[in-house]
Amino acid sequence: MESSELIVCGLCGNEFDPNGPSSAYAEAGEWLAEEVWRDAGELCPLCRENRARLVMMYCHEYYR
Ligand SMILES: [Zn+2]
């Protein structure tokens, strides 16, 4: 297990802990990263949250 290793976010460049605290938005963003953008595990929780918020605002077809 490499649980304590930090990952550099592919979007904003910040280091983050992949096992750090999550939120509902971050979890939605994680699902999107896996199903839509295919870059799961490369984005920090903040970027996943921002992406999930944008998708919920503009792309309602993902949440039917
Ligand atoms: Zn980021």
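At a glance:
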| item | result |
| --- | --- |
| Met57-Asn14 pseudo-label distance in nm [points 7 Å out on the Cα-to-Cβ vector] | 1.7 nm |
| Degrees between helix 45-58 axis and first principal axis of the chain (Cα, 0 to 90, nearest 10) | 10 degrees |
| Contour minus Cα-Cα distance for Ser22 and Trp37 (0.36 nm per residue) | 3.5 nm |
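Taken together, the values in this text are just the output of simple stated rules run on the coordinates, not laboratory data. Source: prediction; values computed, not measured. All Cβ positions, even for glycine, are placed from backbone atoms using ideal geometry, and neighbour counts span all protein chains on display.
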